[in-house]
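The values are calculated or read from the model by the stated rules, or taken from the named source; none is laboratory data. Being a predicted model, the structure only gives us computed values, none of them experimental. As a convention, Cβ positions derive from the backbone with ideal geometry for all residues, glycine included, and neighbour counts pool all protein chains shown.
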Amino acid sequence: MMTACWRAPVAALALVLSMLMSACSTLPPPVSDRPVTAIADFSNTPLDAITRRVLPEDRSDDRSGFQLLPYGPTSFATRIELVKLATRSLDVQYYLLAADNTGRALMRELRDAAQRGVRVRLLVDDLYTTGEDDLLLALASYPNVQVRLFNPFPGGRGSDVTRFISSGLEFGRVNRRMHNKLFVADNVAAVAGGRNMADEYVMNAAGSNFIDMDVFAAGPVVRQLSDEFDHYWNSTVVYPVGRIARSALTPEQLRQNFERLTAAARPPQAPRIPLDGRIANPVEGEPSLLPQEMVPMLNLPFELAEARLSPLLWARARVLFDPLSKTEGLNERENSIKGTVTEGVIRWFRTSRSSIKMVSPYFVPSDAAVASLAEAQAAGIKVELVTNSLASTDEPWVYVGYWPHIHELLKSGVAIYELSPTLSVKRGKLGIFGHRTGALHMKNGIVDHKEVFLGSMNLDPRSARLNTELGLIIESPQMARQLDSFADAGSAYRLRLDASGRDIEWVEDNEDGTQTAYDVPPETTAWQRLKLRLIAPFIPVSEL
């Protein structure tokens, strides 16, 4: 499988293939169906009863309740408990729903909920569904389940290459993807954030896993999230899977295959944490004692299973999501971020009076963005960036768009930290993220230590103009502090200019108080660096 963020090499190859091939498939004509929306009557459901106990008694209070979900297995298990508690509806939207252990386990739980009478709406971006047609068709064949594909590939569905070839000259269309991640149960509780539903996003992969963040939400903000889901679900760029995919199997054979494959799925296992935070037999690279406030974050799925919740963080929040005009190419044609999540987040950053912290795994700023950050720093606002190092990133081509701006950012005083794939393991300071971590995938921001952005948006051109995104801005100093506490400067390289002011150094802060400085990106080989320099001129930065 390709990596979970579609980048320039694939895009460039697909464009060349599309231009060379004349055999094209086209999408079927849209069908004018009546809009289907989130359920309005969510009272008297088990989830409503559970959340009502911890909600403010004053229903005119517009605050919502939140709990951070920093650990992949816990975040996944929370979704599963929400599935089990749902009695009315499940609305599920993902950029990537893999046919691996994690994805198949979730599909099976959705099927089981549907068999209990729960209405299931599953919306998946079509980019990474290669090889999944039979699974998705089988799931859609069960009563109470609807599966739809966002901006689908109409032909050549057997492989990634033939999909692009079959799309012919429609590269401009299929280049725009739905990057949103959302899970809503009974229009009462939701999980949103950065995680896709695949093994490497929930610590279920045998090798490297992503560092990511989700948030559990209850209260009025969930209705805003449901409005986002309905906006996409009822759009003309979304098609029922049965209108796009075909199978040689009968519906009964599809269901038999689905039963066999999903029964064998092995989802990640979330640990239940003692109330004192002490872990009896920690895995290498993980702590033996967790901060007290982290315990309810990790025990959330177990609390849901027991029909209760610990106190949540109560805060006002607003939802940002991209309009469908973005999918139609408006922002791309006009080279504009007008009306986008990116525009909303930039405007939010500009409200800062003291500090801005940005966490973006793929950071590709425009010249104007770099100038704005430099101006903020000059105005006395502390600006800090956390991103992937060349050694940790799963998308090395992003460095092509990031690298030219580092010198100017450092010169202006912006603090830059790049995650190391080994320092965090050696130090054990990323705690629950474990010893099998690799690339950073978390996307968030903190303004003035009191407001937080969490979502799917990267600070790059693709998120700004091509992909649709979803995010929440939450007014909570406590959440800002919690989110900031997960960072560990010693697990990242701190970038600085050398004594001459011309070259960049990567600084490792050792635990004994000393420092080690590197004059090339650490933990990389000469061949990796050379290869990037050779390919860089051919990478279209606008596609990153």
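Numbers below:
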read-out: Members of segment 481-494 that are surrounded by 23 or more Cβ atoms within 10 Å (Cβ to Cβ) and of a type in the set (A, V, I, L, M); value: 483, 492
read-out: Matching entry among 248, 185, 206, 192 (being within 28 Å of residue 137 (Cβ to Cβ), surrounded by fewer than 21 Cβ atoms within 10 Å (Cβ to Cβ) and either without any contact (Cβ under 8 Å) to a residue 24 or more places away in the chain or in contact with a Lys or Arg (Cβ under 9 Å, 6 or more places away or on another chain) (or both)); value: 248
read-out: Selected residue [surrounded by fewer than 20 Cβ atoms within 10 Å (Cβ to Cβ), among the β-branched types (Val, Ile, Thr) and in contact (Cβ under 8 Å) with a residue 40 or more places away in the chain] from 162, 87, 78; value: 87
read-out: Elements of type helices (runs of 4 or more DSSP H) in segment 311-395, at least 2 residues being more than 22 Å from the chain's Cα centre (by Cα), surrounded by 15 or more Cβ atoms within 10 Å (Cβ to Cβ) and in contact (Cβ under 8 Å) with a residue 12 or more places away in the chain; value: 367-378
read-out: Strands (runs of 3 or more DSSP E) enclosed by segment 165-263 - at least 1 residues per element that are within 30 Å of residue 487 (Cα to Cα); value: 181-185, 189-193, 209-211, 214-218
read-out: From 120, 161, residue being within 21 Å of residue 33 (Cα to Cα) and not charged (D, E, K, R); value: 120
read-out: Which numbered condition residue 285 fails, given (1) at pLDDT 95 or above; (2) surrounded by 16 or more Cβ atoms within 10 Å (Cβ to Cβ); (3) of a type outside the set (Phe, Trp, Tyr); value: (1)
read-out: Residue count, segment 76-93 (criterion: in contact with a Phe, Trp or Tyr (Cβ under 8 Å, 6 or more places away or on another chain) and under 11 Å from residue 197 (Cα atoms)); value: 3
read-out: Pick from segment 495-506, criterion loosely packed, with under 15 Cβ neighbours inside 10 Å and of a type in the set (A, V, I, L, M), ranking: modelled with the highest pLDDT; value: 497
read-out: Qualifying strands (runs of 3 or more DSSP E) (wholly inside segment 28-140; at least 1 residues being under 30 Å from residue 165 (Cα atoms) and modelled with pLDDT of 95 or more); value: 89-94, 119-125
